[in-house]
């Protein structure tokens, strides 16, 4: 890229997680123009906020449902346009603010506005485990970490490296993954029947299905990928222009299975070297 002074320098570095804490002020989040230095130096001096730092990074918001409305609106605008405008005392400045938005919340402390909720592509609900063995395992590993964090990290380093490598392989494979027109129709028909607002959920569900296939080492999306994609993409979305609550698991499953009744599954293809078998599905 270039500006009026010539080619801009570019730096390649790993993505970082930029934390937006509860109680962050407007200037902390949005940034500000240092008027004193601007007047003194004769050129605009911008002090970037968290949105500026989050450009091409991951913006993590803890207790996202407790964000003040005016800050939430600015984050929404930046997330939608990829740009952020700072205006102070008649001085205006634009800077890029493209980021992946990640948030956590406790629904018991208040709901999230639909406009902000819709900006999150997928949602995951965490529940307390009821299996005594798994609960005991959690306790054991927490104690191990508290007693010797370094040894704990060393113990699981190889396992974590395997997970990272699996994700890298999936990223390289993703562009080659295909989804049939018939399965895309199933996604759109399911979303339409559930009266999900907008088209973003359809797009997200398809992208999620392709990502799941890549993560599993497959080049073609299957029914299970699509259902999981819909589950992650729809269970937090508004419906019927906000008049209906988000879909629950049972309703989603029933509608999805109903839409699949027009789909005929043909026997699996012969397993290819280095690839898992999959079902080819045809619309009838």
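Read-outs: derived from the displayed coordinates by stated rules, not from any lab. This one's a predicted model, so the numbers in the text were calculated from it and none came from an experiment. Cβ sites come from the backbone with ideal geometry, for glycine too, and all protein chains shown count toward neighbours.
Can you work out the FRET efficiency for the pair residue 63 and residue 176, with r the C-beta to C-beta distance and R0 = 51 Å, to the nearest 0.05? All intermediate terms of the calculation are to be shown ahead of the outcome.
Details: r = 39 Å, r/R0 = 0.77.
Rounded to the nearest 0.05, the efficiency is 0.85.
What is the helix-to-structure angle for 132-147, meaning the angle in degrees between its Cα long axis and the longest Cα principal axis of the chain, kept from 0 to 90 and rounded to the nearest 10?
Helix 132-147 sits at roughly 30 degrees to that axis.
Using a Gaussian network for the chain with springs between C-alpha atoms less than 10 Å apart, which of these wobbles most: 227, 46, 145?
Between 227, 46, 145, it is 145 that shows the largest mean-square fluctuation.
I want to verify a result. In a Gaussian network model of the chain, Cα cutoff 10 Å, which of these has the top mean-square fluctuation: 57, 115, 158?
The residue that fluctuates most here is 158.
Nearest 0.05, what FRET efficiency do residue 254 and residue 81 give at R0 = 30 Å with Cβ-Cβ as r?
On the way: r = 38 Å, r/R0 = 1.26.
Computed FRET efficiency for residue 254 and residue 81: 0.20.
Between residue 36 and residue 127, what is the label-point separation in nm under the 7 Å Cα-to-beta-carbon projection?
5.6
Can you tell me the orientation of helix 69-81 relative to the chain, as the angle in degrees between its alpha-carbon axis and the longest Cα principal axis, to the nearest 10?
For 69-81 against the chain, the angle is about 70 degrees.
Order of 162, 224 from fewest to most other C-beta atoms within 10 Å?
On the way: 162 10, 224 14.
Exposure proxy ranking, most exposed first: 162, 224.
Using Cα atoms only, what is the angle between the long axis of helix 249-259 and the major principal axis of the chain, expressed in degrees (0 to 90) to the nearest 10?
Compared with the principal axis, the helix lies near 60 degrees.
Take every DSSP beta bridge with both residues inside the chain and express the antiparallel ones as a percent of the total, to the nearest 5.
Details: 15 of 25 bridges.
Looking only at bridges with both residues in the chain, the antiparallel portion is about 60 percent.
At 7 Å along the Cα-to-beta-carbon direction for both residue 148 and residue 104, put a label point, then send me their distance in nm to one decimal.
2.7
Looking at the square roots a ≥ b ≥ c of the eigenvalues of the Cα gyration tensor of segment 106-225, which shape do they give, rounded for a/c under 1.5, prolate if a/b is larger than b/c, or oblate?
Working: a/c = 2.59, a/b = 1.45, b/c = 1.79.
Oblate, because a/c is 1.5 or more while a/b does not exceed b/c.
Between 260, 252, 137, find the one with the highest GNM mean-square fluctuation for the chain; connect C-alpha pairs within less than 10 Å.
137
Given (i) 18.1, 55; (ii) 19.8, 61; (iii) 23.2, 75 as candidate values of Rg and Dmax of the Cα atoms in Å, which corresponds to the one derived from the coordinates?
Looking at Rg and Dmax of the Cα atoms in Å for this model, the match is (iii).
Compute the length gained on full extension between residue 165 and residue 43: take 0.36 nm times their separation in residues and subtract their Cα-Cα distance, giving the result in nm to one decimal.
On the way: separation 122, 0.36 × 122 = 43.92 nm, distance 4.64 nm.
Gain on extension, residue 165 to residue 43, equals 39.3 nm.
Going by a ≥ b ≥ c, the root eigenvalues of the Cα gyration tensor, does segment 132-173 fall in the rounded group (a/c under 1.5), the prolate group (a/b larger than b/c) or the oblate group?
Numbers: a/c = 4.93, a/b = 1.86, b/c = 2.65.
Cα axes put segment 132-173 in the oblate bin.
By counting other Cβ atoms within 10 Å of each Cβ, how are 244, 153 ranked from fewest to most? Can you show the working numbers first?
Numbers: 244 14, 153 11.
Ordered by Cβ neighbours within 10 Å, fewest first: 153, 244.
Suppose each label sits 7 Å from its Cα in the direction of the beta carbon; what would the residue 207-residue 195 distance come out to in nanometres?
Distance between the two pseudo-spin positions: 2.7 nm.
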